[in-house]
Every structure is written in C-alpha cells, then in structure tokens.
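First up is the structure itself, then whatever we jot down about it.
Each reported figure results from applying straightforward, stated rules to the coordinates on display, with no laboratory input. Bear in mind that the values here come from a model prediction, so they are computed numbers and not experimental data. Don't worry about glycine lacking a Cβ; one is built from the backbone with ideal geometry, like all the others, and counts go over all protein chains shown.
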Amino acid sequence: MSDPANSETISVHQSEQAASRLKRRKRRESGFQLLGISAIVAALTALVWLMVSIVGTGYTAFYQHHMSIEVVLDESLLDPTGARDPDALRKANYRRIVQNTLYDRFPEITERRAKQALFKTVSASGATDMVRQMVYNDPSLVGQTISLIVPTSDDVDQFLKGYIDRDVPEDRRKLSDQQIGWVDTLVETGEIRARFNWAFFTATDSRDPELAGIAGAVAGSFMALLVAFLVAVPIGIGAAVYLEEFAPENLLTDIVEININNLAAVPSIIFGLLGLAVFLNFFGMPRSAPLVGGLVLALMTLPTIIIATRAALRAVSPSIVNGALSLGASKTQAVFHHKVPLAAPGILTGTIIGMAQALGETAPLLMIGMVAFVTEIPTSVTEPASALPVQIFLWADSAERAWAERTSAAIIALLVVLVSMNALAIFLRSKLEKRW
Amino acid sequence: MVDMSSPTGLEDPKFQVRDVRVSYGDNEALHGISLDIPKTGVTAFIGPSGCGKSTFLRVFNRMNDTIPNARVTGEVLLDGQDIYGPDIDPVLLRARVGMVFQKPNPFPKSIYDNVAYGPRIHGLTTSAAELDGVVEKSLRRAALWDEVKDRLNEQGTSLSGGQQQRLVIARAIAVQPEVILMDEPASALDPIATAKLEELLDELKEKYCIVIVTHSMAQAARVSQRTAFFHLGHLVEYDLTNKVFTNPTDTRTQDYITGRTG
C-alpha cells in the first residue's frame, strides 16, 4: 500500500501530499458549512425584521384610550311624552345627550366651532350607540345620571400614542391646539386613560377605526375553513388512497396524476375565478358567503392534501403490507387496516398545512365577493362575511393613521392562528407517531 | 434438472410443481421448475444469491401477484388443485399458505393484536374468550408465550428481533395454515435467537408443511429433511437433505456446499 516513489515505510496517507489533500477537503467542507450558516442567518434576519416591524406597528392597537363621562339622561330630550315607548326611545337624539355631557364638562366653552371641536375628541358614533343601547335595554335609566367609559376619537387616541406630533404647525395636524389642551386636561385628571382594547376582538368592521374589530372576519374565516375542511379532507384522502393503491396503471391515471400536480401550482386567484363562474354564476350560490369561500378554498387545498397523503402512504414500509397480505388480508384490508393508519400522521400534517395555507388566502375570496364591508358577525355559512386576510387587505387600504396599527394587529392575530395550527400539527404528529 | 424422476416422484405430496417459469417483464428468473413438496416436514431451498429461490418461494402463496410486471406460468397443485386456476382466490390461498419474511415485520400494534389480526379478518372465532384461546395457543406453539404472557398489550415492535420473528410465526400460525413459507427467517437474527427458531421449526415440522429459504447451508442441514439446490434459475438437485449434503450428484451442488462457489 506504500507509494513506490517514497520509502517503503511511509504509507500513501502519511505523505505531505496527503496532508495537503486533507487540508483542501476540510476547507471545502467548512466553506459549505459557512454558506449554510450564513443562509440561516439571512433567513432569521428577514424573519426577525418582519416580526419586529409588524409587532412594533401593531402592538399599540391592543390598547385604546377611553374617556370617562357622566351622562345625564335628560328626560325632556329623550322622552318628552314620558311614555317610555321603545321605538321613540331608540330614535331619540342621543348625539345631543353626549354633546351636552361634554359641554357640561367644559362650561367655559361657548363658541359653536369650539363646541364642535370638543365633541370630536370622543368617538361620536361609539358614545351615542353605547348610550342608546343602555337606555333601550333599561328604559328606567331615563332621568338618571350614569357613568360611562367611551372610546376617544381615533385622532385623540393616535395623538396620545405619540403618532401626532404636537410640535407640527397647527394647520398641518389633525388636532387643534385647543383640542390638545382639553385632552391634556382630561389626561391629567385621569378622565382619559388607556385601557385594553377588547373591542378589537369582539367588534366587527366599522368605518371608525376606534370601533373596528376582527370578530366578524374571524368568524367568517372560521366558517370558510370549516367548509373547506369538511369538503377537502374526505375527497382529498379518498382520491389519494384510490390513486396510490387501487387505480389501474394506464394513460387516464397518468393524466389525472399530472393534472393534480399541476393544480397545486395554479395561482389561487384562478380558483377564485372558477368559484365565481361555477358556484355563483352557474349554481347561483349567495355572494360573499363563507360557504362559497370554503368551497373555493377546498378546491385550492385538494392538490396539497392529495400530494401529502400519497407521499405519506408511499412512506409506509411495504413489509407491513406484505405481512398483512401473507395472512390472507385482501388488498383493501391491508390498505385500510395498516397503511392508512400508519400514514395518518403524515396525512394530518399535510391537511393542517393545507388548511393553514387556505386560511391565509386572500385572492380567491376577493373574486367571490368576500370583500364586503360586513358589520355583523355571520351566524350561518350563507350569510355575507369577510375573512381575516381580506380584512387586513381592506384596512391596509384605508387612509387614517389608526388603520395602520389595526392592520398590523390583525396580521399578528392571523400569524398567531397560523402558528397555533402548525404547532397543533407537530403535536398531533408526534403523539400519533408514538401510538403507532 | 438432472434427475427429473426424483424431484417429482413423491407419494401424496402437498405441492406438485410442474414446469413453473417466473418472469419479470422480459427477464425470466425461473426456467421451468418441477418438484414435489411433502405434506409435513421441512423442505429447504438453498443456492447462491440471485438463483431464484426466494422468487420460487413466493410462487406458493402467489405473492408474486403483488409485483406489477411479474408473470407465472406452469402448474402448481396444492392438494391436487391448481392454485393459479381461475376458481382460486389468492386471499384464501394465503390463509392456507402462511409466510414469514426475512426481516421480522410485526404490525405496529400490541402483541395480542398482532396474533389476533388473522383470526379477526377471517372470522375464525366467535367470542372474545375463544380469540384469547387462539392467541395463547399460537404464542405457545411459537415458543413465545412464556416471554410475553404478562405484556400482551405492549407493542409487537418493542420485542427483540428473535422474539419479533417468533411473534410473526405465531401470527401466521393463528390463521391455521397448512403450509408455512419462510424466506431466510434467521438472516436478521443472532446465533442464540437462530437456535431458538430452529428448535421451533423442529416442533412445527410435525404438523405443518414448512418450506424454508436459507443462505446458511449448516441451517439447511440442521433443520430440513429435503433440500433443493437452485442455480441461475434452474433446479439443480432436489433430494433428501442427507443425500444432498453427503453425496451430491451434480458438481455445481458439490462446489456450492463445499464452499468452492457461492
């Protein structure tokens, strides 16, 4: 084994050339490792940047400044007849009640324009709706004075969050010097305080950012996803098991297979167009409904589920199937008793990843009208609804400063749901794999 | 194929094989095999790698059917009935002709469920107690009962390799087969587990027709009563094990068993 050129005792692996060869090999290997590490660092940097930017913009949406007010429910304004007629009570002038409340707080203001400016510090529709609802629920309140906590207007909120600079000239900012003076007074006395923004999670979309929430969009997304799950999972797994295990090997099967793989790469907006043409125009299903959204998302997820299921089935050791066959199990029994249960973790992971993908999908929902301005939480899959990603899209398009933080907050909510779904996939996978 | 009268002249055989050829696509792996296999006892198939002995074994329970482009011609009679005939369902055939594979392949289920699987799919038992009895009897017959009786609910895959192979044999026995085919059952086992397996074969041969493919000539000599030597897809020699190992008629057999080829 020794190099004939060298002395008989030095092996080919101990020569100087061998040392330099080894050095070169090591250099190449460490070069590759360095490349891998820098790739990971680049990816992590992008991820951290994204998270910092979204959370940095969005976290302020989770608190909101509220004003404590003492509302005098003046009987002469609300119910001059004293009949306590619910219809009349609903139509009464609550705007005036709220206005009077604020004017009473600052009695020194008499000028009309100043009064209007004062009213703009509070969320006009938020406060009036709240008072109306309370009186409507309990007409005996009329004539009493009640304490309420109402959201400030979005401009005041943004000012207090530091997004409106008081050093900017007055004519170039949303709040006048006068308004800032009142707000400062109210903050000093503790009448304006920041509170957790429950409305963001319980309210639906609104024209006023301080009142807008994601509840309607979350409900719409949930329903659409439920429909997609119920449709895509049985069809997808059934198709995959048949194609993988039972389909005859012929041209037709090949064509089906190629098309399924191609469908996985079709842009999602095309699925939206398909849904528009088939479900809305041909079958006449309702517009903007989670039912249609779910069906479109199901079509979009099908290839993902089929491909994941087939891969999971293929990964099951053939020795298990042979064992079953050798005991006299039929092919169908071998597949359903052994192969499918063993492939279940993989199928599950593929399904959840497909569902997570569907949850984040916006384009197909735009095509079937799930982009409507919906102010009620849908209670059935045929009612108009929005979806979380569409809500983000809508808010991102709005002008006021307050929408920016809400957009980011909605993105955070979406990401939390996605991460939880993926965590669930990992958890179920490890749990199921232990059992089998 | 040297002595045609000897391999097929058996009285009251379990299997009668006549001119069986197996091809994968255009490639013929077995070139016309004819032999008889007795009702009880161990018959060993030996020969160098790639000689077709495992392919031939899979002829007996039609496992070659599961390979897409495999084709079997010729005649294989089980108790006088052609198993490749139109009125034979391979599913029922495999219940009569069990098989144990090279690598132990217990199902990833409990020990109990492994053994109970066959009786369950064939509906052999009517009550849970009866099934319990079948499981115990099968595990006893496979010489595994004493080792696992207290942990029947544990995973079959948690057993050692030798125990797994005996579990798989118990699983096959539970279906009440007439024949057990074994494809190099000891090749993944250590010498102690192999010895146990051979001991088990010695007991089973009284009741079953056992056909075993093995790489180890010593094993063939120890456990079998008849030995068939295959070479390049041909049956070279088939006779009583004693005779094959002490007085082979073909030089190829002689070269192989003395270690000159193989």
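Here are the numbers for the structure shown:
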{"quantity": "Taking chain B and dividing mean pair separation by its residue count, relative contact order in percent (alpha carbons under 8 Å, at least six apart)", "calculated": "27"}
{"quantity": "Under-5 Å amide H pairs with residue A:66, H placed in peptide plane, nonlocal only", "calculated": "A:152, A:193, A:194, A:195"}
{"quantity": "Distance in nm between pseudo-label sites at residue A:185 and residue A:171 (7 Å out along the Cβ direction from Cα)", "calculated": "2.7"}
{"quantity": "Acute angle (nearest 10 degrees) that the helix A:16-58 long axis makes with the longest principal axis of chain A, alpha-carbon atoms", "calculated": "20"}
{"quantity": "Sorted by Cβ density within 10 Å, fewest first, the residues A:11, A:76", "calculated": "A:76, A:11"}
{"quantity": "Rh (Kirkwood; distinct C-alpha pairs) - segment B:128-259, Å", "calculated": "16.3"}
{"quantity": "Per-residue [θ]222 nm for the protein assembly as shown (sum of -39500 (n - 2.57) over DSSP H runs n ≥ 4, rounded to 500)", "calculated": "-16000 deg cm²/dmol"}
{"quantity": "Hull shadow area, averaged, the protein assembly as shown [alpha-carbon convex hull, nm²]", "calculated": "52.6"}
{"quantity": "Loop-located trypsin sites (Lys or Arg not before Pro) in segment B:233-262, at most 10 other Cβ atoms within 10 Å (DSSP)", "calculated": "B:260"}
{"quantity": "Selection of trypsin sites (Lys or Arg not before Pro), segment B:116-219, meeting DSSP coil and at most 13 other Cβ within 10 Å", "calculated": "B:149, B:151, B:207"}
{"quantity": "Taking segment A:287-436 and dividing mean pair separation by its residue count, relative contact order in percent (alpha carbons under 8 Å, at least six apart)", "calculated": "32"}
{"quantity": "Mean Cα-pair separation over length for segment A:221-330, i.e. relative contact order, pairs under 8 Å, 6 or more apart, %", "calculated": "49"}
{"quantity": "Extension reserve of the residue A:93-residue A:427 stretch, reckoned as 0.36 nm per residue once the Cα distance is removed", "calculated": "114.7 nm"}
{"quantity": "Antiparallel DSSP beta bridges within the protein assembly as shown, percent to nearest 5", "calculated": "70"}
{"quantity": "Cα-projected label distance for residue B:198 with residue A:193, points at 7 Å along beta-carbon direction, nm", "calculated": "8.8"}
{"quantity": "Sites residue B:207 and residue A:242 - FRET efficiency at Förster radius 56 Å, r taken between beta-carbons, to 0.05", "calculated": "0.85"}
{"quantity": "Ratio of the Cα radius of gyration of segment B:197-262 to 2.2 N^0.38 Å, where N counts its residues", "calculated": "1.13"}
{"quantity": "Chain A - charge dipole about Cα centre, Lys and Arg +1 at Cβ, Asp and Glu -1, debye rounded to 20", "calculated": "1500"}
{"quantity": "Exposed-site-free run, longest, chain B (rule: GluC sites (Glu not before Pro); DSSP loop; at most 13 other C-beta within 10 Å)", "calculated": "B:12-153"}
{"quantity": "Angle between chain A longest axis and helix A:94-105 axis [Cα atoms, degrees, rounded to 10]", "calculated": "70"}
{"quantity": "Cα long-axis angle, helix A:290-314 against chain A (0 to 90 degrees, to the nearest 10)", "calculated": "20"}
{"quantity": "In sequence order, calculated HN-Hα J values of segment B:243-256 (Karplus, 6.51, -1.76, 1.60; Hz; x Gly/Pro)", "calculated": "6, 4, 7, 9, 9, x, 8, 9, 5, 5, 4, 4, 4, 5"}
